[in-house]
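Have a look at the structure below, then the notes.
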Ligand code: AMP
């Protein structure tokens, strides 16, 4: 049976009983196959896998987005049951932020102000701060993050390196629906038209990635014909999100709005 704990004291007591070292899979819940893939990968490496389920207010700029974010803890625990996850930690906001506010936050540096950071000011400071707190509380040997949130993955890796946090950060490829749409907890907000449009976004990014050097132009051209979709950005960068290299591995990243739903995705590209 997957054990579910809420408070820090319960977490500490459970961790003291479980085999170490252990892995952490941080999530905001509303678990789907993408999250489960992270857990499977973590389980391959460690007997003890802690899945945290916490919708972190600090990383939401928009109160309405935070309020409507899906919260499905019972279903999440049921989905984890077959994976023999040792522990689900589902803290309340008061457990994570007992003083209400944090006055010290992690500064993501210049990479926190581009791509997602440009559209969502303060998002990565909030996300990295909670990840640092989760690391400090759970003390995992390794932590698993999805390539779906590629900029977050890169920034967590950089935080661990720059601040010597001593956690092995493992990236896991994006899990997709049959039409290529990346699984996301926010996909439940798409109606039938929106779902088709979201599939077209994934397909356009795929065409761009296949086009190599012309990735951005090809992806944008493919999106030009898609009604009901607004491009936030389509950018080609190096794998560590610096400027795109002249040749070799690169990353194509995109964000669009489909109605009120913001979707992000990214793919590896090889430049000639
Ligand atoms: P979230 O609950 O959206 O904060 O995501 C928790 C973790 O799951 C993050 O590391 C995400 O990158 C990862 N994740 C979300 N969707 C996917 C997906 N489709 N494939 C792989 N990982 C994912």
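Scanning segment 1-34 for residues that are part of a helix (DSSP H, G or I) and either touching a residue at least 12 places away in the same chain (Cβ under 8 Å) or on the phi > 0 side of the Ramachandran plot (or both) yields 8, 11, 14, 15, 33, 34.
Per the listing 211, 244, the residue uniquely surrounded by 15 or more Cβ atoms within 10 Å (Cβ to Cβ), farther than 19 Å from residue 69 by Cβ, at pLDDT 95 or above and more than 24 Å from the chain's Cα centre (by Cα) is 211. Within 29 Å of residue 190 (Cα to Cα), in contact (Cβ under 8 Å) with a residue 60 or more places away in the chain and crowded, with 20+ Cβ neighbours inside 10 Å: does that describe residue 51? The answer is no for residue 51.
Taking the criterion of being more than 13 Å from the ligand (Cβ to nearest atom) and either out of contact with any helix residue (DSSP H, G or I) (no Cβ under 7 Å at 6 or more places or on another chain) or over 21 Å from residue 105 (Cα atoms) (or both), the residues of segment 50-72 that qualify are 50, 62, 63, 64, 67, 68. Just one of the numbered conditions (1) surrounded by fewer than 17 Cβ atoms within 10 Å (Cβ to Cβ); (2) within 16 Å of the ligand (Cβ to nearest atom); (3) not in a helix (DSSP H, G or I) is not true of residue 164: (2). Restricting 215, 209, 222 to those that are touching a helix residue (DSSP H, G or I) at 6+ places or on another chain (Cβ under 8 Å), over 30 Å from residue 72 (Cβ atoms) and free of Cβ contacts under 8 Å to residues at least 24 places away in the same chain reduces the list to 222. If I go through segment 130-144 residue by residue, how many of them are part of a loop (DSSP other than H, G, I, E, B) and surrounded by fewer than 21 Cβ atoms within 10 Å (Cβ to Cβ)? Counting residues in segment 130-144 that are part of a loop (DSSP other than H, G, I, E, B) and surrounded by fewer than 21 Cβ atoms within 10 Å (Cβ to Cβ) gives 2. Does residue 264 fit the bill of being at pLDDT 95 or above, in contact with a strand residue (DSSP E or B) (Cβ under 9 Å, 6 or more places away or on another chain), surrounded by 21 or more Cβ atoms within 10 Å (Cβ to Cβ) and not in a helix (DSSP H, G or I)? Yes, satisfied. Of all residues in segment 48-67, those satisfying the criterion of being modelled with pLDDT of 95 or more and farther than 21 Å from residue 129 by Cα are 48, 49. Of the listed requirements (1) crowded, with 20+ Cβ neighbours inside 10 Å; (2) free of Cβ contacts under 8 Å to residues at least 40 places away in the same chain; (3) within 14 Å of the ligand (Cβ to nearest atom), residue 89 misses just one: (2). Answer yes or no as to whether residue 239 is in a loop (DSSP other than H, G, I, E, B), touching a strand residue (DSSP E or B) at 6+ places or on another chain (Cβ under 7 Å) and surrounded by fewer than 16 Cβ atoms within 10 Å (Cβ to Cβ). Judged against the criteria, residue 239 is a match. If I filter segment 192-204 for residues that are under 30 Å from residue 24 (Cβ atoms), surrounded by 19 or more Cβ atoms within 10 Å (Cβ to Cβ) and touching a strand residue (DSSP E or B) at 6+ places or on another chain (Cβ under 9 Å), do I get at least one hit? Yes: one or more hits.
Within segment 192-203, can one find any residue that is more than 30 Å from residue 66 (Cα to Cα), more than 16 Å from the ligand (Cβ to nearest atom) and not in a loop (DSSP other than H, G, I, E, B)? No, the conditions are met nowhere in segment 192-203. If the condition is being surrounded by 21 or more Cβ atoms within 10 Å (Cβ to Cβ) and away from the ligand (no atom under 13 Å from the Cβ), then segment 16-45 contributes only 22.
The values are calculated or read from the model by the stated rules, or taken from the named source; none is laboratory data. This structure is a prediction, so every number in the text was calculated from the model and none was measured. When we count neighbours, we look across all protein chains shown, and the Cβ atoms used for this are built from the backbone with ideal geometry, even at glycine.
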